[in-house]
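So the structure is just underneath, and the comments pick up after that.
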Amino acid sequence: MSKRFLAVAAVAAAALVGMSTAASVPASAAPAQQLKLRNGLTLYIPIQWVVHGGGTDWVRVVTGKCAHPEDGYGGSECDSFWILGPKAIKVGNEAFSPYTGEKPYYPATDVQMCPFNHKWGEIIGPKGTRGLRQVGPGHKAAYREWKSTCVSYSNGSVKARFTQREWYLPKSKILVVDQWNTPGLPDTLKYADWM
(Lines give C-alpha, C1' and ligand atoms only; values in the text may rest on other atoms or scores of the structure.)
Protein backbone atom coordinates (compact mmCIF):
# COMPACT_ATOMS: atom_id res chain seq x y z
CA MET A 1 0.00 0.00 0.00
CA SER A 2 1.47 3.39 -0.94
CA LYS A 3 2.24 6.16 1.53
CA ARG A 4 0.05 8.46 -0.51
CA PHE A 5 -2.93 6.13 -0.02
CA LEU A 6 -2.20 5.66 3.70
CA ALA A 7 -1.89 9.40 4.34
CA VAL A 8 -5.10 10.30 2.53
CA ALA A 9 -6.98 7.35 4.01
CA ALA A 10 -5.92 8.52 7.48
CA VAL A 11 -7.14 12.05 6.77
CA ALA A 12 -10.47 10.69 5.49
CA ALA A 13 -10.90 8.46 8.54
CA ALA A 14 -10.07 11.33 10.88
CA ALA A 15 -12.61 13.51 9.11
CA LEU A 16 -15.28 10.86 9.60
CA VAL A 17 -14.47 10.36 13.28
CA GLY A 18 -13.77 13.96 14.23
CA MET A 19 -16.11 16.09 12.15
CA SER A 20 -16.00 19.01 14.55
CA THR A 21 -16.67 21.62 11.91
CA ALA A 22 -18.79 21.71 8.80
CA ALA A 23 -15.69 22.60 6.82
CA SER A 24 -13.86 19.35 7.61
CA VAL A 25 -12.39 17.23 4.85
CA PRO A 26 -15.03 14.96 3.31
CA ALA A 27 -14.74 11.21 3.83
CA SER A 28 -14.17 10.77 0.10
CA ALA A 29 -10.77 12.49 0.42
CA ALA A 30 -8.92 10.73 -2.37
CA PRO A 31 -6.90 11.01 -4.53
CA ALA A 32 -3.95 12.85 -3.04
CA GLN A 33 -1.71 15.62 -4.23
CA GLN A 34 1.96 15.98 -3.38
CA LEU A 35 3.06 19.04 -1.48
CA LYS A 36 6.83 19.41 -1.89
CA LEU A 37 8.46 21.52 0.79
CA ARG A 38 11.96 22.53 1.80
CA ASN A 39 14.79 20.06 2.37
CA GLY A 40 12.97 17.31 0.47
CA LEU A 41 9.90 17.02 2.72
CA THR A 42 6.88 15.82 0.72
CA LEU A 43 3.39 15.61 2.21
CA TYR A 44 0.50 13.72 0.61
CA ILE A 45 -2.62 15.81 1.14
CA PRO A 46 -6.22 15.48 -0.06
CA ILE A 47 -6.87 17.01 -3.46
CA GLN A 48 -9.56 19.24 -1.86
CA TRP A 49 -6.97 21.04 0.27
CA VAL A 50 -5.68 24.21 -1.38
CA VAL A 51 -2.07 25.39 -0.97
CA HIS A 52 -1.26 29.11 -0.83
CA GLY A 53 2.27 30.52 -0.80
CA GLY A 54 3.95 27.37 -2.13
CA GLY A 55 7.73 27.65 -2.31
CA THR A 56 7.90 30.32 0.39
CA ASP A 57 8.49 30.42 4.13
CA TRP A 58 4.77 31.06 4.70
CA VAL A 59 2.75 28.17 3.22
CA ARG A 60 -0.93 28.04 4.19
CA VAL A 61 -2.87 24.85 3.50
CA VAL A 62 -6.59 25.62 3.45
CA THR A 63 -8.60 22.55 4.48
CA GLY A 64 -12.13 23.98 4.53
CA LYS A 65 -14.00 27.26 4.57
CA CYS A 66 -11.81 30.35 4.13
CA ALA A 67 -12.95 33.80 3.06
CA HIS A 68 -9.46 35.33 2.69
CA PRO A 69 -6.73 32.69 2.26
CA GLU A 70 -4.23 35.35 1.21
CA ASP A 71 -4.35 36.98 4.67
CA GLY A 72 -1.07 36.62 6.51
CA TYR A 73 -0.48 34.72 9.71
CA GLY A 74 -3.02 35.77 12.29
CA GLY A 75 -5.78 36.19 9.70
CA SER A 76 -9.05 34.92 11.10
CA GLU A 77 -11.80 32.55 10.00
CA CYS A 78 -9.76 30.41 7.62
CA ASP A 79 -9.84 26.66 8.27
CA SER A 80 -6.17 25.92 7.60
CA PHE A 81 -2.73 25.13 8.95
CA TRP A 82 0.67 26.70 8.28
CA ILE A 83 4.00 25.23 7.18
CA LEU A 84 6.68 27.76 8.03
CA GLY A 85 10.32 28.08 7.02
CA PRO A 86 13.41 29.95 8.31
CA LYS A 87 12.16 33.51 7.71
CA ALA A 88 8.91 32.81 9.59
CA ILE A 89 10.73 30.94 12.39
CA LYS A 90 13.15 33.86 12.78
CA VAL A 91 10.27 36.15 13.88
CA GLY A 92 8.02 33.52 15.49
CA ASN A 93 8.18 34.44 19.14
CA GLU A 94 6.28 37.31 20.73
CA ALA A 95 8.02 40.63 19.99
CA PHE A 96 9.40 39.10 16.77
CA SER A 97 12.30 37.18 18.29
CA PRO A 98 13.18 33.68 17.00
CA TYR A 99 10.89 30.72 17.66
CA THR A 100 12.54 28.01 19.76
CA GLY A 101 9.61 25.85 20.87
CA GLU A 102 9.85 27.04 24.47
CA LYS A 103 6.98 29.47 23.86
CA PRO A 104 4.11 29.22 21.37
CA TYR A 105 4.45 30.43 17.80
CA TYR A 106 3.15 33.99 18.04
CA PRO A 107 4.72 36.48 15.62
CA ALA A 108 3.16 39.61 17.10
CA THR A 109 3.40 42.20 19.83
CA ASP A 110 -0.33 42.73 20.33
CA VAL A 111 -3.44 40.58 20.72
CA GLN A 112 -4.13 38.62 17.54
CA MET A 113 -7.60 37.74 16.27
CA CYS A 114 -9.16 34.47 17.36
CA PRO A 115 -8.75 31.89 14.55
CA PHE A 116 -12.52 31.28 14.50
CA ASN A 117 -13.99 34.77 14.93
CA HIS A 118 -12.32 38.11 14.13
CA LYS A 119 -14.43 39.85 16.80
CA TRP A 120 -12.49 38.04 19.56
CA GLY A 121 -8.85 38.06 20.61
CA GLU A 122 -6.66 35.00 21.17
CA ILE A 123 -4.60 34.10 24.21
CA ILE A 124 -2.14 31.26 23.59
CA GLY A 125 -0.79 29.11 26.41
CA PRO A 126 -0.15 27.43 28.78
CA LYS A 127 1.79 24.35 27.65
CA GLY A 128 -0.07 21.12 27.22
CA THR A 129 1.22 17.89 25.74
CA ARG A 130 4.80 17.76 24.50
CA GLY A 131 7.11 15.12 23.08
CA LEU A 132 8.46 13.81 19.79
CA ARG A 133 6.34 12.95 16.72
CA GLN A 134 7.34 11.14 13.55
CA VAL A 135 7.49 13.21 10.35
CA GLY A 136 8.29 10.72 7.62
CA PRO A 137 11.03 8.11 7.97
CA GLY A 138 14.08 9.11 10.01
CA HIS A 139 12.78 12.48 11.23
CA LYS A 140 11.22 13.36 14.58
CA ALA A 141 9.65 16.71 15.31
CA ALA A 142 9.49 18.42 18.68
CA TYR A 143 5.74 18.43 19.29
CA ARG A 144 3.94 20.96 21.49
CA GLU A 145 0.34 21.69 22.33
CA TRP A 146 -0.69 25.04 23.76
CA LYS A 147 -4.07 25.34 25.51
CA SER A 148 -5.58 28.56 24.19
CA THR A 149 -8.69 30.70 24.43
CA CYS A 150 -10.64 33.21 22.41
CA VAL A 151 -11.77 36.16 24.52
CA SER A 152 -14.03 39.17 24.17
CA TYR A 153 -12.12 42.37 23.42
CA SER A 154 -14.57 44.35 25.57
CA ASN A 155 -14.54 42.41 28.84
CA GLY A 156 -12.07 39.50 28.48
CA SER A 157 -14.70 36.80 28.89
CA VAL A 158 -13.83 33.42 27.35
CA LYS A 159 -15.79 32.80 24.14
CA ALA A 160 -14.08 29.63 22.84
CA ARG A 161 -11.18 27.27 23.53
CA PHE A 162 -8.74 25.67 21.15
CA THR A 163 -5.36 23.94 21.13
CA GLN A 164 -2.50 25.25 19.03
CA ARG A 165 -0.47 22.24 17.83
CA GLU A 166 3.14 22.68 16.66
CA TRP A 167 5.57 20.26 14.98
CA TYR A 168 9.11 21.71 14.87
CA LEU A 169 12.01 20.27 12.88
CA PRO A 170 14.93 22.56 13.88
CA LYS A 171 17.58 20.98 11.62
CA SER A 172 15.30 21.14 8.56
CA LYS A 173 14.00 24.58 9.61
CA ILE A 174 10.34 23.57 9.24
CA LEU A 175 7.52 24.40 11.63
CA VAL A 176 3.91 23.24 11.22
CA VAL A 177 1.31 25.23 13.19
CA ASP A 178 -2.33 24.12 13.43
CA GLN A 179 -5.04 26.01 15.37
CA TRP A 180 -7.99 24.14 13.82
CA ASN A 181 -7.35 20.58 15.07
CA THR A 182 -7.13 19.59 11.40
CA PRO A 183 -8.42 16.00 11.05
CA GLY A 184 -5.67 13.65 9.89
CA LEU A 185 -2.81 16.16 10.04
CA PRO A 186 -0.70 14.04 12.45
CA ASP A 187 -0.97 11.07 10.05
CA THR A 188 -0.25 13.29 7.05
CA LEU A 189 3.02 14.25 8.72
CA LYS A 190 3.75 10.72 9.92
CA TYR A 191 3.43 9.28 6.39
CA ALA A 192 5.45 12.03 4.71
CA ASP A 193 8.51 11.34 2.55
CA TRP A 194 11.95 12.95 2.45
CA MET A 195 13.25 12.96 -1.11
**Message:** Keeping all protein chains in the complex and leaving out DNA, RNA and ligands, what accessible area do you get for residue 191 with a 1.4 Å probe, in Å² to the nearest 10?
**Reply:** 60
**Item:** Summed side-chain charge close to residue 64 - residues other than residue 64 whose Cβ falls under 12 Å, Lys, Arg +1, Asp, Glu -1
**Value:** -1
**Asked** In the structure shown, do any of 65/87; 159/190; 127/173 have a Cα-Cα gap over 31 Å, and if so which?
**Response** 159/190
**Request:** Compute the Rg to Rh ratio over the stretch 53-195 from the alpha carbon atoms, using the Kirkwood formula for Rh, and round to two decimal places.
**Result:** 0.95
**Message:** Highest mean first, how do 59-70, 91-102 rank when packing is the count of other Cβ atoms within 10 Å averaged over residues?
**Reply:** 59-70, 91-102
**Accessible-area value, residue 73, 1.4 Å probe, nucleic acids and ligands omitted, Å²** = 50
**Prompt:** What's the local net charge at residue 84, with K and R +1, D and E -1, over the other residues with C-beta under 11 Å away?
**Reply:** +3
**Request:** Only loop residues by DSSP count here, and only those with at most 15 other Cβ atoms within 10 Å; note down the trypsin sites (Lys or Arg not before Pro) in the stretch 109-195 that meet that.
**Result:** 119, 171
**Request:** Please report, in cubic angstrom per residue, the volume enclosed by the convex hull of the alpha-carbon atoms of the stretch 92-146.
**Result:** 98
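The values are calculated or read from the model by the stated rules, or taken from the named source; none is laboratory data. Everything quoted here is computed from the prediction, not taken from an experiment. Here Cβ is always computed from backbone atoms with ideal geometry, including for glycine, and neighbour counts include all displayed protein chains. To get the accessible areas, we keep the full protein, side chains included, count just its heavy atoms, and leave off ligands, DNA and RNA. Shrake-Rupley method; radii C 1.70, N 1.55, O 1.52, S 1.80 Å.
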